[in-house]
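Accompanying notes for the structure given below.
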Amino acid sequence: MNIQERFINYTKFDTQSSEESETVPSTSKQLIFAKYLKEELEREGLEEVEMDDMGYIYATLPANTNDEIPTIGFISHYDTSPDCSGAGVKASIVRNYDGTDIELSPGIISSPKKFPELLNHIGEDLIVTDGTTLLGADDKAGIAEIVHAMCYLRDHKEIKHGKIRVGFNPDEEIGKGAHHFDVEKFGCEWAYTIDGGDLGDLEFENFNAASGKVVIKGVSVHPGYAKGKMINANRLATEFAAMLPAEETPEETEGYEGFYHLLGIESGIEEAKMNYIIRDHDRDRFEDRKQFFVRCAEKMDEKYGEGTVTAVVNDQYYNMKEKIDPNMHVIDIVLKAMQECGVPPKVEPIRGGTDGAQLSFKGLPCPNIFTGGVNFHGPYEFVSIQVMEKAMQVIVKICEITSEFNH
């Protein structure tokens, strides 16, 4: 089985997670794929293969040398995004892509005019959808690359390596993938999530993240007799939104710039609820943002009366750079692996979060490496077979370089 066959086989499983669910995993259909993946790892000869009742899978490729080598790990998630259907995925291969429009289905066109990233892959073989579902390269491409790399190392015993652990988990797309990941059981000195984007992506900085919830209590009075009595929660909601800097929103920021993002409003005269996310790469600015958010609510509460406006802020995850900086050998190894595989590295901050961020704060330094997927979470998603092969080669090379690593 080659890497594209392995990946396309994975896409046939609908593993969409759900933000509405309270179960772990959030959807039972994820367990169907998890069970299949566990059996595949056993068939491929990995050892210590186990799956817990929440769908977390752990397995080992044993060391093939008696040298003292750090145990490292590779991690990917198998759920797909709630944003777009993952059922009935019909993957197909566009051979030797020529830079023109791709007809996914009659009337559904993936065009480089709209998606210029396609032009970076002229001459390559692209796996695409039929334009009605996502593809699932996020992150089944990562799984295929890890499994394929383990099989390659199994079959090429001349490449010396230490003990390698692999881990696959549900629910990353809803921010819960690392919640039940057993770092102690995984038993690695460091690890890598294979969950990045296009060729060369290497990420070890991400947002600090918090949720912000605002509740506004209004007073409903007949509008003809409302003077001095009515408190219109709808209007107060717009007033609160206007207190936050208009230029500090996702659509106005990039790179290291943080933001306040209004996810949704449920509003009437008597009550309004506003849900925000608060993001910043810099920890001090992040703390300032949270305090400013709460102060805005406090000022409105003073203006309209105690108990009218309340804000609650809860941290979600932190910038993994804080934990990677003292362990930069983890990054140096990847950069060397990419160089030896002819992959130009693209080191950029993540304007989001990964399982690796949460795992880093659980004691497992865990940067993020490319998979080759592009246009995630939608029907125009695609992945290059050649880039998938490069990702697999980088994984193999990381294992080889680690075998020469000395603390």
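List of remarks:
- Evaluating residue 404 against the criteria (1) out of contact with any His (no Cβ under 9 Å at 6 or more places or on another chain); (2) closer than 18 Å to residue 147 by Cβ leaves one unmet condition, (2).
- Cβ-Cβ distances below 7 Å connect the following pairs, each with a first residue in segment 133-158 that is more than 30 Å from residue 16 (Cβ to Cβ), a second residue that is assigned to a loop (DSSP other than H, G, I, E, B), and a separation of six or more residues or different chains: 153/159; 153/161; 154/45; 157/64.
- Residue 100 meets all of the listed conditions (1) open to solvent by less than 50 Å² (accessible area, probe 1.4 Å); (2) assigned to a loop (DSSP other than H, G, I, E, B); (3) out of contact with any Cys (no Cβ under 9 Å at 6 or more places or on another chain) but one, namely (1).
- Pairing residues of segment 57-71 that are more than 7 Å from residue 162 (Cβ to Cβ) and open to solvent by 50 Å² or more (accessible area, probe 1.4 Å) with residues that are at pLDDT 95 or above and of a type in the set (Val, Ile, Thr), at Cβ distances under 6 Å and at least 6 apart in sequence or on separate chains, gives no pairs at all.
- Residue check, residue 306 under 28 Å from residue 159 (Cβ atoms), outside any helix (DSSP H, G or I) and free of Cβ contacts under 8 Å to residues at least 40 places away in the same chain: no
- Of all residues in segment 333-350, those being surrounded by fewer than 20 Cβ atoms within 10 Å (Cβ to Cβ) and outside any helix (DSSP H, G or I) number 8.
- All conditions but one from (1) in a helix (DSSP H, G or I); (2) under 28 Å from residue 172 (Cβ atoms); (3) open to solvent by less than 40 Å² (accessible area, probe 1.4 Å) apply to residue 296; the one that does not is (2).
- Segment 170-187, residues that are farther than 10 Å from residue 362 by Cα, assigned to a helix (DSSP H, G or I) and of a type in the set (D, E, K, R): 172, 173, 185
- Whichever residue in segment 103-141 is among the hydroxyl-bearing types (Ser, Thr, Tyr) and in contact with a Pro (Cβ under 9 Å, 6 or more places away or on another chain) and, among such residues, is surrounded by the most Cβ atoms within 10 Å (Cβ to Cβ): 129
- Test result for residue 213, over 27 Å from the mean Cα position of the chain (by Cα) and among the basic types (Lys, Arg): no
- Residues in segment 287-303 that are within 12 Å of residue 217 (Cα to Cα) and without any contact (Cβ under 8 Å) to a residue 40 or more places away in the chain: 301 alone.
- Being buried (at least 24 other Cβ atoms within 10 Å of the Cβ), touching a strand residue (DSSP E or B) at 6+ places or on another chain (Cβ under 8 Å) and not charged (D, E, K, R) holds for only one residue in 162, 197, 177, 187, and it is 177.
- Of the set (1) of a type outside the set (Gly, Ala, Ser); (2) open to solvent by less than 40 Å² (accessible area, probe 1.4 Å); (3) within 21 Å of residue 384 (Cβ to Cβ), all apply to residue 41 but (3).
- Per-region count, segment 250-269, residues open to solvent by less than 30 Å² (accessible area, probe 1.4 Å), within 24 Å of residue 234 (Cβ to Cβ) and not in a strand (DSSP E or B): 1
- Residues (open to solvent by less than 50 Å² (accessible area, probe 1.4 Å) and touching a helix residue (DSSP H, G or I) at 6+ places or on another chain (Cβ under 6 Å)) located in segment 308-332: 308, 309, 311, 313, 317, 320
- Selection from segment 351-407 of residues that are among the acidic types (Asp, Glu), open to solvent by less than 30 Å² (accessible area, probe 1.4 Å) and in a loop (DSSP other than H, G, I, E, B): 381
The values are calculated or read from the model by the stated rules, or taken from the named source; none is laboratory data. Given the structure is predicted, the values throughout are model-derived calculations rather than measurements. Glycine gets a Cβ as well: all are built from the backbone with ideal geometry, and neighbour counts include every protein chain shown. Remember, those area values only see protein heavy atoms, side chains included, never the ligands or the DNA or RNA. Shrake-Rupley method; radii C 1.70, N 1.55, O 1.52, S 1.80 Å.
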